[in-house]
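The values are calculated or read from the model by the stated rules, or taken from the named source; none is laboratory data. Just so you know, these numbers come straight off a predicted model, no measurement behind them. Neighbour counts are summed over all protein chains in view; Cβ atoms, including those assigned to glycine, are modelled from backbone coordinates with ideal geometry. Calculation scope for accessible area: heavy atoms of the full protein, side chains included, ligands and nucleic acids excluded. Shrake-Rupley method; radii C 1.70, N 1.55, O 1.52, S 1.80 Å.
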Amino acid sequence: MKLIAYLFTVLSLVGCSISPSLNDPKLSDKELNLEEFFDGDITAYGQFQDVLGNVSRRFTVDIKAEMTGKTLTLVENFSYTDGTTEQRIWALNKVGSNEWLGAADGIVGTARGEESGDMFYWNYTMDLPVPDGEIRVTFDDYMWLLSDDRMLNKAYMSKLGVPLGEVTIMFEKQ
């Protein structure tokens with residue numbers, strides 16, 4: 001019984017993790033323009049950490065990005081340290097001055113995003129490939145423009161509202 005109470009307490013605390021907000025004070029005077037940053041070739045480096053902070057997967061992503069009209073296409077080629085690869089092709093549509101809608105294979109419904117100052121918030125549900133199949137998860141992505149050629153991404157991953165972990169990615173324009 002004590003073990004169950006302890007696990008419930010730990011899971012409750014983990015479930016109360018704090019995430020960023022578009023309303024947070026801005027730390028720079030930079031203005032993110034998604035279609036300008038994602039223009040051409042980009043390399044990204046990332047890793048997944050579970051809720052206890054254990055790193056379980058690292059990867060590199062080569063991205064080819066192009067804006068055509070109001071559609072930003074991102075061709076992402078993932079290479080994982082375990083030797084596996086994956087490709088995801090995003091079509092992001094600018095639907096307002098700071099608003100985006102997106103789609104890609106594996107995305108359930110429509111991804112939604114908003115730019116604010118140096119930050120971009122991106123939310124979507126995905127059937128995420130895993131070594132033994134797929135798992136349906138939700139991502140809350142926060143991206144910060146650090147310089148003209150670097151952006152930091154922190155993505156909070158959950159399933160049915162329960163936190164599973166975080167993905168940290170550094171994007172570098174080539």
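Things to note:
- Residues satisfying the stated conditions in the stretch 45-67, i.e. in contact with a Phe, Trp or Tyr (Cβ under 6 Å, 6 or more places away or on another chain), open to solvent by less than 40 Å² (accessible area, probe 1.4 Å) and not small (G, A, S): F59, V61
- Matching residues, the stretch 131-157, being over 18 Å from D118 (Cβ atoms), open to solvent by less than 50 Å² (accessible area, probe 1.4 Å) and out of contact with any Leu (no Cβ under 6 Å at 6 or more places or on another chain): G133, T138, F139, Y156
- Residue pairs meeting the criteria (Cβ under 7 Å; at least 6 apart or on separate chains; first under 19 Å from V108 (Cα atoms), in the stretch 148-174; second of a type in the set (A, V, I, L, M, F, W, C) and open to solvent by 50 Å² or more (accessible area, probe 1.4 Å)): M157/L164; S158/L164; K159/I135; P163/V51; L164/V51
- Residue ID - surrounded by the fewest Cβ atoms within 10 Å (Cβ to Cβ), chosen from residues in the stretch 111-129 that are of a type in the set (D, E) and touching a residue at least 40 places away in the same chain (Cβ under 8 Å): E114
- Of the residues E86, E35, the single one that is assigned to a strand (DSSP E or B) and among the acidic types (D, E) is E86.
- Of the residues making up the stretch 102-122, just one is assigned to a loop (DSSP other than H, G, I, E, B) and within 15 Å of T71 (Cβ to Cβ), namely A104.
- The stretch 75-85, residues that are surrounded by 12 or more Cβ atoms within 10 Å (Cβ to Cβ), in contact with a Phe, Trp or Tyr (Cβ under 9 Å, 6 or more places away or on another chain) and modelled with pLDDT of 95 or more: V75, E76, F78, S79, Y80
- S21 modelled with pLDDT under 95 and of a type outside the set (D, E): yes
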